[in-house]
């Protein structure tokens, strides 16, 4: 029987879609047959950011994540009703955003509680833990944030890569120990990254389905990288060890982008002490990442330029994260970046584990040897210990 695919075949595929469109239109227009005039609308207004650009105002970025438009009617600052202006309008459409400006002469170092009240009487809170001027975009601030990102990301990763000559002299068992330690480092990083992503996702409006978004992006990134890695082998059985190091650097770089977001946001909110504490903690935490990047290439002699690129790829995203966190922090972007980073790290764990299995087969030693298990535990312990400093 001949299989013909003409206009009739296309129409057969469109009929269910047309039926679905009619059904959805009926549901939307008739409220699924259920009407509750006495029930108040469900409102979901989230404050994305509170900025203090001058000494005489608060500026709030808000988003409506509810199913219906939300109208702002009042603003309360420290239990007192206050004037406000909303741009583009007091009524915020579904998935829309607005900038709420409150003229208020705040006092530096004081804490403030801001309450947004809608026309239905629903209230949404925001707080300013420590009132200080929010750094505006300027050349000086731009380079200061870049310098902070360099301290946190690029320099520690580069210092970790300097262990490469020492690690090459460890011998075959020692190299496998370092590979197993890398798996431990990355295992801790992926759990830490997922935790950060979920914490940020919880702050998103419900309509974005933050936690499912993080989980799905992590899995899609993992599957996408696995598929891409297979295509790039171009007939070879194994991916190159240098390519594995670059993928480790990419995964770690996306994790460091999240660290930069936290630091930039802390400085933008005026929490300078917290920002400095995060800089010191992440700097100590990240020096071990250079060891993980170097581990797959201990049996090779890459050119010096590769080490420079690896340090930049692993640590450079911290600079970008600091810029985003300091000037235009977005919970949605942060959740997306962190989820992609977690997926990238999972893919690297898979690759490094394959290297370990291949080496154990070549040397005819068990993959779960005491040395390898010890390396795995040492990697997790190092990351846990340095994380206590953050």
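Could you list all residues from segment 112-128 that are under 19 Å from residue 55 (Cβ atoms) and either surrounded by 13 or more Cβ atoms within 10 Å (Cβ to Cβ) or at pLDDT 90 or above (or both)?
112, 113, 114, 126, 128
Hey, among 320, 355, which residue is modelled with pLDDT of 85 or more and over 11 Å from the mean Cα position of the chain (by Cα)?
One residue alone meets the criteria, 320.
Can you tell which of 222, 185, 204, 167 is in a helix (DSSP H, G or I) and over 25 Å from residue 371 (Cα atoms)?
222
Within segment 158-165, identify whether any single residue is touching a residue at least 12 places away in the same chain (Cβ under 8 Å), out of contact with any strand residue (DSSP E or B) (no Cβ under 7 Å at 6 or more places or on another chain) and more than 20 Å from residue 318 (Cα to Cα), and answer yes or no.
yes
Among the numbered criteria (1) modelled with pLDDT of 80 or more; (2) within 26 Å of residue 176 (Cβ to Cβ), which single criterion is violated by residue 364?
With respect to (1) modelled with pLDDT of 80 or more; (2) within 26 Å of residue 176 (Cβ to Cβ), residue 364 is out only on (1).
Mind telling me which of the residues 291, 280 ends up being surrounded by 20 or more Cβ atoms within 10 Å (Cβ to Cβ) and either closer than 17 Å to residue 159 by Cα or not assigned by TED's automatic domain parsing to the domain that holds residue 189 (or both)?
291
Is it true that residue 54 is assigned by TED's automatic domain parsing to the domain that holds residue 105, in a loop (DSSP other than H, G, I, E, B) and at pLDDT 85 or above?
For residue 54, the condition - assigned by TED's automatic domain parsing to the domain that holds residue 105, in a loop (DSSP other than H, G, I, E, B) and at pLDDT 85 or above - is met.
For segment 259-278, which residues satisfy the criterion of being assigned to a helix (DSSP H, G or I) and at pLDDT below 70?
Scanning segment 259-278 gives 268, 272, 273, 274, 275, 276, 277, 278.
For residue 329, all conditions in the list (1) under 23 Å from residue 244 (Cα atoms); (2) not in a helix (DSSP H, G or I) hold save one; what is the number of the exception?
If we test residue 329 against (1) under 23 Å from residue 244 (Cα atoms); (2) not in a helix (DSSP H, G or I), just (1) comes out false.
Scan segment 14-28 and give yes if some residue there is surrounded by fewer than 17 Cβ atoms within 10 Å (Cβ to Cβ), in contact with a helix residue (DSSP H, G or I) (Cβ under 7 Å, 6 or more places away or on another chain) and either outside any strand (DSSP E or B) or modelled with pLDDT of 85 or more (or both), otherwise no.
no
Only one of these is part of a loop (DSSP other than H, G, I, E, B), more than 27 Å from the chain's Cα centre (by Cα) and more than 21 Å from residue 74 (Cα to Cα): 109, 136. Name it.
Answer to the check: 109.
Pick out the one residue from 136, 171 that is free of Cβ contacts under 8 Å to residues at least 60 places away in the same chain and surrounded by fewer than 16 Cβ atoms within 10 Å (Cβ to Cβ).
171
The values are calculated or read from the model by the stated rules, or taken from the named source; none is laboratory data. Just so you know, these numbers come straight off a predicted model, no measurement behind them. Note: ideal-geometry Cβ built from the backbone for every residue, glycine included; neighbour counts use all protein chains shown.
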